[in-house]
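The block underneath contains the structure these notes are about, expressed in structure tokens.
The values are calculated or read from the model by the stated rules, or taken from the named source; none is laboratory data. Fair warning: this is a prediction, and the values are worked out from it, not measured in the lab. Cβ sites come from the backbone with ideal geometry, for glycine too, and all protein chains shown count toward neighbours. Areas reflect the complete protein model, heavy atoms only, side chains present, ligands, DNA and RNA absent. Shrake-Rupley method; radii C 1.70, N 1.55, O 1.52, S 1.80 Å.
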Amino acid sequence: MNDSTREPVTVIGLGPMGQAMVRVLLGRGHRVTVWNRTAARADAVVAEGAVRAGTPAEALAASELVLLSLTDYQAMYDILGAAEGALGGRVVVNLSSDTPQRTRDAAGWLAERGARLLVGGIMVPAELVGSDQAYVFYSGPKAVFDAHEETLRPIGRPDHRGEDPALAQLYYQAQLDIFLTSLSAYLHATALLRAAGVEATTFLPYATETFDTMSYYLGDAAREIEAGTYPGDLASVTMMGATADHIVGASAAAGIDLDLPRAVRSHYARAIAAGHGKDSWTSLFEVISRRDDG
């Protein structure tokens, strides 16, 4: 049942993430208006109490707070561009992924039409939205965020990172940079052992232990990066670079993909070429943070 004291919310985009947000908001007593380009995707949440809007303009008119769960920012223009007259006074929380500059451009586009943009990045899959594990990066006007934080909180712990609209996007992508690269590394390591007849389930506990201990290295790494000093007494670039080269050799012999180990090896080779051979592996930051187009 809707609670008239709760802020009404509109959700546009009803993929798994959008539907999860609708259900969380309905569970907290919000009146939730929904719209999706494929209308049938709204059927399930409408049956649970959401209100179906016939058009994007009708969806915008229903609530000051509008959550977008779309593929990218172009989808926002495609949908809201036909309803510009209804954007005045709206707070658009765009939870879609795109580049930082497109995010900043979207803030300007909405401002020209009388709306304000909050950028969001949900850091859990749809099935964990609303759980204790869920958290969401936000950026954009702090006063706007503060005004709607109570409504946004049930989706996931809100973490406002600054006024620059691109910051939430960058935090989101930085976290996924770690996540996606780590998953590829796990699959590559598993393939390396499978080529020798070792089953994935046999390797699993060892891979799990490595993932569990990785955070041990991060505190010192962050301090060394900020200080710009990289003591290599325990693990030098030259030593670890030799291991990176051996992984490329082992992968080639196993007949598996070489792109990932070659990329890692190149970081060590470039760091050695830049004079960091005796420094810690953390000195790779110096070559990673400067793109080499040569």
> Name the residues in segment 154-181 that are of a type in the set (S, T, Y) and open to solvent by less than 60 Å² (accessible area, probe 1.4 Å), would you?
Replying inline: Y172
>> For segment 62-103, give me each residue that is part of a helix (DSSP H, G or I), more than 16 Å from G13 (Cβ to Cβ) and out of contact with any strand residue (DSSP E or B) (no Cβ under 9 Å at 6 or more places or on another chain).
In response: E84, G85, A86, P100, Q101, R102
> Would you pick out the residues in segment 98-153 that are among the aromatic types (F, W, Y) and either under 13 Å from L65 (Cβ atoms) or crowded, with 21+ Cβ neighbours inside 10 Å (or both)?
Replying inline: F137, Y138, F145
> Can you tell which of D212, D177 is modelled with pLDDT of 95 or more, of a type outside the set (A, V, I, L, M) and under 18 Å from V124 (Cα atoms)?
Replying inline: D177
>> Among the listed residues A252, A200, A196, A242, identify the single one that is over 24 Å from L180 (Cα atoms) and surrounded by 12 or more Cβ atoms within 10 Å (Cβ to Cβ).
In response: A242
> If we scan segment 28-49, do we find a residue that is in contact (Cβ under 8 Å) with a residue 24 or more places away in the chain, in contact with a Ser or Thr (Cβ under 7 Å, 6 or more places away or on another chain) and acidic (D, E)?
Replying inline: no
